[in-house]
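The values are calculated or read from the model by the stated rules, or taken from the named source; none is laboratory data. Predicted model only: the values in this text are computed from it and were never measured. Virtual Cβ from ideal backbone geometry, glycine too; neighbours counted across all protein chains shown. With ligands, DNA and RNA removed, areas are computed over all heavy atoms of the protein, side chains included. Shrake-Rupley method; radii C 1.70, N 1.55, O 1.52, S 1.80 Å.
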Amino acid sequence: MSNPDHLPFAVTREVRDICLCFHLQRASRAVARRFDAALRPLGLTNGQFSLLISLNRAEAPSIGSVSALLAMDRTTLTANLKPLERRGLVKVTVDDADKRSHRLTLTAAGRALLFAAVPVWKQAHLAIDRLLTGSVRASHSFQHPRPVG
């Protein structure tokens with residue numbers, strides 16, 4: 001590899017064949033497409049489902065704690081919140097204790113959509129798990145949650 005103007009195609013094949021990052025990205029996109037397809041009838045993407053489920057807490061989380069949980073920078077999180085906020089699924093409020101911070105809360109509509117989405121997610125998860133493992137693991141005995149309040 002002494003010529004910087006030409007990288008041998010053999011290097012491309014090597015990366016394609018053994019690069020963990022490459023394979024994880026491909027697998028991640030394939031799994032994400034399956035969850036997107038399953039959640040589409042509810043008007044959700046897998047990313048929106050993950051964001052909504054991350055807000056399902058006893059206390060309204062801060063933007064910082066949600067961005068850390070989702071491994072997402074605050075700017076990206078804020079952009080992803082906007083459509084959910086416009087749909088009336090999420091409410092963003094100023095933190096009472098720290099006016100510089102914001103808290104994220106599921107609205108009643110957000111909780112109802114999340115409640116409807118969990119069984120869809122469970123079915124998709126089990127189907128993907130079966131594809132990956134060839135069987136259903138005993139540890140995945142999902143039950144639909146009981147409504148709270």
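A few comments on the model shown:
- Within segment 98-125, the residues that satisfy the criterion of being open to solvent by less than 40 Å² (accessible area, probe 1.4 Å), closer than 22 Å to A37 by Cα and either of a type in the set (G, A, S) or modelled with pLDDT under 95 (or both) are G110, A117, A124.
- Search result, residues across segment 53-95 that are under 21 Å from A117 (Cα atoms) and polar (S, T, N, Q): S54, N56, N80
- Condition broken by L42, with the remaining ones in (1) more than 18 Å from A32 (Cα to Cα); (2) at pLDDT 95 or above satisfied: (1)
- Members of segment 100-137 that are outside any helix (DSSP H, G or I) and hydroxyl-bearing (S, T, Y): S101, T105, T107, S135
- Counting only residues that are touching a residue at least 40 places away in the same chain (Cβ under 8 Å) and either touching a helix residue (DSSP H, G or I) at 6+ places or on another chain (Cβ under 7 Å) or not polar (S, T, N, Q) (or both), segment 44-84 holds 9 of them.
- Residue among R111, R130, R40 that alone is out of contact with any Asp or Glu (no Cβ under 8 Å at 6 or more places or on another chain), of a type in the set (D, E, K, R) and within 30 Å of R16 (Cα to Cα): R130
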